[in-house]
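These notes are about the structure you will find just below.
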């Protein structure tokens, strides 16, 4: 007989425990549902976290009814429990959210909360191992020598505003792409922008006073073309492996707002080396700016979006002086110019996988012959995103994240689905998606 996954809850000190008899529930959009799909053992680098002010909801195995857990008694003490979720390491994509409802608590910090439970052999998480390449293993990052590598690079470029920001990102935020600049390997970040032309509800570097604390802080002074080129050129010339520099990481604004400086920095780099790849992570809002970067030598474009339907996209991104039509025009331009075209798809179970949203994404992937979909579990308070998505975009019942990814692969033969960027030598060979 299969062991039913038990509900997890936490006491006021954050200590996680399994409920004596209730079964875990999952959230898919607005709905709380019984355990389904295929949970996995919580990865070694994953962790369980409590959700302050959120009440856990369990399934009574005898009655089959959902039960809201308002209080627990443990060790002679009564307390209000907190719901529990999991945080996943890179390479995994969540399929369900924790089964919880809002109690008396704040907006949750910006993490990608994943449904979790207790199984026969330990903690479980509802996720898919979507990218099994080992070069992003957490054990390879935040190593003891990192601080020394940071100091050495700062000595090479003592006045670099790029490295000043990357030092914070690497040591404080533990951003892997920023750390790669100091390790001199794989994909390295080149922050460029201090401003943005979108007001994303889940922005990790800019939040309103009544929002959750921003998890990152932007630089306060945009670097020059020369500064960006110097750091990028060093990386392209010295980094082994999947050598790449990327403008537009999460700790900054929209890089296309500084397209003139970035275009000049690309020309400077390409005047000295043709090694490696130059990529941009962008909201694709300024098609003329993207054209200038492609003219300068940009060879890869990763477009961030939460949907391919105008209503849901604009409800979340809150674009300023651009719209979904501009994003699609930039995607078309990248395809026309032969750039490696990836979508940075911000996934949210129960919304992204609505039937209408799936069809819109299928059409986008098919029409523009997208090379890769990089799955990103959206870091946001789940209830905050549900408020954004309620009643907008393409409708329909959720089909499940696993089915969504399978349908995208079917829509575009050769489509790569994973979590990490592909280097130049990886782009010609379509990769399978283990576990999907």
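The values are calculated or read from the model by the stated rules, or taken from the named source; none is laboratory data. Predicted model only: the values in this text are computed from it and were never measured. Note that each Cβ is placed from the backbone with ideal geometry, even for glycine, and that neighbours are counted across all protein chains shown.
Among the strands (runs of 3 or more DSSP E) confined to the stretch 1-58, the ones with at least 3 residues that are over 25 Å from residue 354 (Cα atoms) and at pLDDT 95 or above are located at 6-10, 16-24, 47-51. Listed conditions (1) closer than 20 Å to residue 291 by Cβ; (2) touching a helix residue (DSSP H, G or I) at 6+ places or on another chain (Cβ under 6 Å); (3) surrounded by fewer than 19 Cβ atoms within 10 Å (Cβ to Cβ) are all met by residue 332, apart from (2).
Among the residues of the stretch 297-319, is there at least one that is more than 20 Å from residue 376 (Cβ to Cβ), crowded, with 18+ Cβ neighbours inside 10 Å, out of contact with any strand residue (DSSP E or B) (no Cβ under 7 Å at 6 or more places or on another chain) and free of Cβ contacts under 8 Å to residues at least 60 places away in the same chain? No: zero hits.
Only residues that are within 14 Å of residue 412 (Cβ to Cβ) and assigned to a strand (DSSP E or B): list them for the stretch 343-373, please. Across the stretch 343-373, the qualifying residues are 343, 345, 372, 373.
Filtering the stretch 374-387 for residues that are farther than 30 Å from residue 56 by Cβ, under 21 Å from the mean Cα position of the chain (by Cα) and part of a loop (DSSP other than H, G, I, E, B) leaves an empty set.
Residue count for the stretch 235-257, restricted to those that are touching a strand residue (DSSP E or B) at 6+ places or on another chain (Cβ under 9 Å) and not in a loop (DSSP other than H, G, I, E, B): 8. Looking across 330, 277, one residue alone is closer than 26 Å to residue 202 by Cα and either outside the structural domain of residue 422 (by TED's automatic domain parsing) or modelled with pLDDT of 95 or more (or both). It is 330.
Using the structure shown, decide if residue 422 is touching a strand residue (DSSP E or B) at 6+ places or on another chain (Cβ under 9 Å) and assigned to a helix (DSSP H, G or I). The answer is no for residue 422. Within the stretch 84-99, can one find any residue that is at pLDDT below 95 and in a strand (DSSP E or B)? Looking through the stretch 84-99, none of the residues is at pLDDT below 95 and in a strand (DSSP E or B).
Of all residues in the stretch 263-287, which are out of contact with any helix residue (DSSP H, G or I) (no Cβ under 8 Å at 6 or more places or on another chain) and touching a residue at least 24 places away in the same chain (Cβ under 8 Å)? If the condition is that a residue be out of contact with any helix residue (DSSP H, G or I) (no Cβ under 8 Å at 6 or more places or on another chain) and touching a residue at least 24 places away in the same chain (Cβ under 8 Å), then 279 is the only one that fits.
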